[in-house]
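Undergrad: The structure that follows is given in the form of structure tokens.
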């Protein structure tokens, strides 16, 4: 989650390395994605910032991922998103 300064913080109350599984319907097919809580939190923050649903962002990533696995593609997309942000 982003704090008041815009920095992403990690909630360590649950195991940050244990993946959490969530299901989505993409292009009419049900699929599951397993991501660590830090990636889910970052993805939610991005969705809120851009007024989009998680499902719509995941669907966009799915359309552009090529042969990469969906969970890995989401992780790379989130990482790239934050790397491209301007810093102060």
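Values quoted throughout were computed directly from the atomic coordinates according to the rules given, and no laboratory measurement underlies them. Here the structure is a predicted model, which is why all the values come from computation and not from measurement. Here Cβ is always computed from backbone atoms with ideal geometry, including for glycine, and neighbour counts include all displayed protein chains.
Undergrad: Once a ≥ b ≥ c are taken as the square roots of the eigenvalues of the Cα gyration tensor of segment 20-83, is the result rounded (a/c under 1.5), prolate (a/b larger than b/c) or oblate (a/b not larger than b/c)? Mind dumping the intermediate values first?
TA: Working: a/c = 1.35, a/b = 1.24, b/c = 1.08.
The shape class here is rounded.
Undergrad: Continuing with this model, one more query. Could you line up 21, 44 from fewest to most neighbouring Cβ atoms inside 10 Å? Each step should come with its number before you reach the end.
TA: Details: 21 9, 44 14.
Ordered by Cβ neighbours within 10 Å, fewest first: 21, 44.
Undergrad: While we're on this one: Quick check: pseudo-label points 7 Å beyond the Cα along Cα→Cβ at residue 52 and residue 23, how many nm apart are they?
TA: Reported label-point gap for residue 52 and residue 23 is 2.4 nm.
Undergrad: Something else now. If we count other beta carbons within 10 Å of each Cβ, what is the order of 33, 57, 46, 76, fewest first?
TA: Numbers: 33 25, 57 20, 46 17, 76 13.
By the 10 Å Cβ count, ascending: 76, 46, 57, 33.
Undergrad: Give me 50, 29 sorted ascending by neighbouring Cβ count inside 10 Å, so fewest comes first. Could you put the intermediate results ahead of the total?
TA: Values: 50 11, 29 8.
Lowest to highest Cβ neighbour count: 29, 50.
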